[in-house]
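> Handing you this structure, nothing more for now.
The values are calculated or read from the model by the stated rules, or taken from the named source; none is laboratory data. Note that the coordinates shown come from a computational prediction; the quantities given were computed from them, not determined experimentally. Note that each Cβ is placed from the backbone with ideal geometry, even for glycine, and that neighbours are counted across all protein chains shown.
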Amino acid sequence: MIVDHISNLDKYVSLSKEIQTVVDYIKQTNLITIEPGKYDVVTNRVKLLRENYVARPQEECFFESHQLFGDIQLVLKGEEYFGYMPKDTTSFRVTHEYDQEKDVLKGQATSDFTRVLLTEGMFALVLKDELHMPKLENKPNTEVIKAVFKIKLSEGK
């Protein structure tokens with residue numbers, strides 16, 4: 001997992017050519033003005049999920065990981081904790097087996113885990129198999145506006 005400010009996203013384009021697509025899209029688009037929903041940026045390669053929500057207590061959140069698409073989760077307004085666990089941890093219990101159609105495996109932590117505070121303008125980049133928990137509240141009733149870019153991972157990465 002990589003956590004950084006959106007102004008530095010272009011430093012990571014060597015990880016995936018799709019990151020350059022996201023950088024270019026962000027430069028041309030006011031993400032705040034996009035209505036919440038799902039959008040194809042590049043068909044079958046880059047998707048955008050624009051969300052507005054209230055960050056949740058830990059018991060209402062779950063860990064997830066992906067095989068086909070990585071995430072660039074960008075906080076546009078508000079703040080949230082973003083949970084992280086290494087893939088090979090023994091402190092993870094699967095609650096929903098991997099669903100290839102939705103490209104997600106879900107589960108819960110059985111012990112403590114790393115929390116990173118994402119504030120306005122920060123992103124978390126997660127790639128294949130990285131266990132992450134978005135939408136985790138720092139303070140109750142915090143409204144979050146977020147753009148989640150789903151980027152197709154190259155085979156073998």
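> Kindly check whether there is at least one residue in the stretch 70-77 that is touching a Gly at 6+ places or on another chain (Cβ under 9 Å), loosely packed, with under 15 Cβ neighbours inside 10 Å and more than 18 Å from Leu127 (Cα to Cα). First the steps, then the outcome.
Here is the first cut: in the stretch 70-77, the residues touching a Gly at 6+ places or on another chain (Cβ under 9 Å) are 74-76.
Remaining after also requiring loosely packed, with under 15 Cβ neighbours inside 10 Å: none.
No, there is no match, as no residue in the stretch 70-77 is touching a Gly at 6+ places or on another chain (Cβ under 9 Å), loosely packed, with under 15 Cβ neighbours inside 10 Å and more than 18 Å from Leu127 (Cα to Cα).
> Could you check the stretch 1-60 and list, in sequence order, the residues that are farther than 23 Å from Met133 by Cα and of a type in the set (Asp, Glu)?
Correct list: Asp10, Asp24, Glu35, Asp40.
> What tally of residues in the stretch 83-99 results from selecting those that are at pLDDT 95 or above and either assigned to a loop (DSSP other than H, G, I, E, B) or more than 14 Å from Glu130 (Cα to Cα) (or both)?
Residues meeting the conditions: 4.
> Tell me whether the stretch 97-116 contains one or more residues that are in contact with a Pro (Cβ under 7 Å, 6 or more places away or on another chain), under 15 Å from Phe63 (Cα atoms) and not small (Gly, Ala, Ser). Can you show your working first?
Our first condition is that a residue be in contact with a Pro (Cβ under 7 Å, 6 or more places away or on another chain); within the stretch 97-116, this holds for none.
No, there is no match, as no residue in the stretch 97-116 is in contact with a Pro (Cβ under 7 Å, 6 or more places away or on another chain), under 15 Å from Phe63 (Cα atoms) and not small (Gly, Ala, Ser).
> Taking the stretch 103-137 only, how many residues are within 27 Å of Ile32 (Cβ to Cβ) and at pLDDT 95 or above?
20
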